[in-house]
Structures are given as C-alpha cells and as structure tokens.
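Enquirer: Could you have a look at this structure, given as structure tokens, before my questions?
Bear in mind that the values in this text are calculations on the coordinates, not laboratory data. Since the model is a prediction, treat every value here as computed from it, not as a measurement. Methodologically, a virtual Cβ is constructed for each residue, glycine included, from the backbone with ideal geometry; neighbour enumeration extends over all protein chains shown.
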Ligand SMILES: C[S@@+](CC[C@H](N)C(=O)[O-])C[C@H]1O[C@@H](n2cnc3c(N)ncnc32)[C@H](O)[C@@H]1O
C-alpha cells in the first residue's frame, strides 16, 4: 500500500512541448474505448439535477468538453501548462480555461463537481494540498471524479510519459481510498483497462468500447489494481 514515483523531470515543461501532438497521440482503439467509458460515466453524473458547475482539474486540451459537450456556462478548467491551455482555447474558445498553478488557486468557490481526467493529478507531488484545494472549491455535497495512474501504467506501451523523464506518481486502490477518505465521503475506486492494450487494439472499435464498459463494471470493481488507471468518485460532506 503506497504511492510510487516512476519518473522525475518537469511535467509542465513536458506537456508544453507535447501540446501540439497531444490529441493525435491518443487515437488508438484502446484510447477511443476508454473515452467512451468515461463519457458514459460522466454523462450519467452530469445528468443529475444537482450537478451544475464543473471544475476541470488539469484540463489539458479539453477532453472533458469533448466527452460531454458540456455547456460553456457550466464549465471552468485550469492547467499549469500554458501550451495545453492554448490548445484548449483554440479547440473550445467559448469554454473558460486558465493557465494556473495550485498555489494560485485560493478562495472558496461554488463548484458542484470536480473532475480530473486521465491522470493529471498523478503529476502533482503534494497531492494532499491539491485534494484540500479541491474540497474547498466544492459546495457541501459536491462530487468528485478523479483519475490517477495505477502502478500497472508504468509498463503501459502507449503511456505518454513512458521513457520520458517526468514527475509521475502511481497509486493503488487502497491508498486512494484512505487518502481521499480524509477529504471526501463515500469514496469508491474502480479500475479502467485491465486487459492488455495490445489485445484491445486488435478488436473492432465498437467491440472494444463494449468490452471495456463491461470490464469497468465488473473486473474493474473487483480487481482495480490490475488496471492501468484508477477512477475515484466521492462527495464533499455537508
Ligand atoms: C495526461 S494529461 C491529461 C489532460 C486532460 N485531463 C485529458 O484527459 O486529456 C495530464 C495533464 O496534467 C497537467 N498537469 C501537469 N502537472 C500537473 C499538476 N501538478 N496538477 C494538475 N495538472 C497537472 C498537464 O499539463 C497535462 O495537461
């Protein structure tokens, strides 16, 4: 039970250099299938009547908007990499996204949902500070959906930081349950993508997406630590 550091180097600098290629780098069948699974989970959470204004943590080029088509007035994203934000602004000029460091994220806000997709928080050294900041930004009862890299991602062929010297921390489900349990209630962890991505890439796209959805609902819940990524959901107490 631990978090592990699997690289060292400036993640922001890395993503700034990666920004022009970032979206093109994630076009394999497995990435498409993961997007479909996350789109399904997000749409169900966003349909809830109590979810209105969403904070996108480490928003990158705007994956959350791509997956949910969320209305601009319900959205705010931030990311420390200025070129990722520039790409975000080009793709979705009506959705507000700011280049910002955690330490500038002061004050209390009225967000009802905080989302962090595909591992942005795995680049954050002081994860406890980040979780506390997210908690403060949420209304009582507000929800979180935060994705982290699992330990298995270290050997993932298409892992963007594979072979790259970038600060990255990987997690196991129990550590996340305990850490997030300090800040949020009703914390649940499930794994995304247990089957090898090479195998998934052999399937037709529609089948890969259907398989991955089923896997997330079953094996992903029972054996989260065999997955590349971990999806954590929870709620701020009253
Ligand atoms: C793998 S990308 C994911 C981006 C986006 N959420 C998505 O799903 O496409 C990781 C993002 O985390 C951002 N990032 C780097 N360090 C971070 C930190 N300490 N806190 C939050 N985000 C960070 C990077 O700039 C990059 O945009």
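Enquirer: Taking other Cβ within 10 Å of each residue's Cβ, how do 152, 188 sort, fewest first? Could you put the intermediate results ahead of the total?
Expert: Details: 152 20, 188 14.
By the 10 Å Cβ count, ascending: 188, 152.
Enquirer: Turning to a different aspect of this structure: Can you give me the C-alpha center-to-center distance between segment 50-109 and segment 154-222, rounded to a whole angstrom?
Expert: Going from one Cα centre to the other spans 23 Å.
Enquirer: Pulled fully out, how much extra length does the chain show between residue 205 and residue 2, if you take 0.36 nm times their separation in residues and subtract their Cα-Cα distance?
Expert: 69.6 nm
Enquirer: Hey, if you drop one equal point scatterer on each alpha-carbon of segment 4-235 and run the Debye formula without solvent, what base-10 log of I(q)/I(0) do you get at q = 0.12 Å⁻¹?
Expert: Taken in order of the listed q values, log10 I(q)/I(0) reads -0.62.
Enquirer: Let me ask you something else. With label points built 7 Å along Cα→Cβ from the Cα atoms of residue 47 and residue 96, find their separation and express it in nm.
Expert: Roughly 2.9 nm, to one decimal.
Enquirer: Counting other beta carbons within 10 Å of each residue's own, what order do 53, 108, 166 fall into, fewest first?
Expert: Ranking 53, 108, 166 by Cβ neighbours within 10 Å, fewest first, gives 108, 53, 166.
Enquirer: Just want to confirm a number: the relative contact order over segment 4-235, from Cα pairs under 8 angstrom separated by 6+ residues, in percent.
Expert: After rounding, I find 25 percent.
Enquirer: Between residue 154 and residue 198, what is the label-to-label distance in nm when each label sits 7 Å out along the Cα-to-Cβ direction?
Expert: That separation, rounded to one decimal, is 2.0 nm.
Enquirer: How much FRET efficiency would the formula 1/(1 + (r/R0)^6) give for residue 82 and residue 128, where r is the Cβ-Cβ distance and R0 is 22 Å, rounded to 0.05? Please report the intermediate quantities before stating the final value.
Expert: Values: r = 26 Å, r/R0 = 1.16.
E between residue 82 and residue 128, to the nearest 0.05, is 0.30.
Enquirer: Simple spin-label model, 7 Å along Cα-to-Cβ: residue 10 to residue 219 in nm?
Expert: With each label placed 7 Å out from Cα toward Cβ, I get 4.0 nm.
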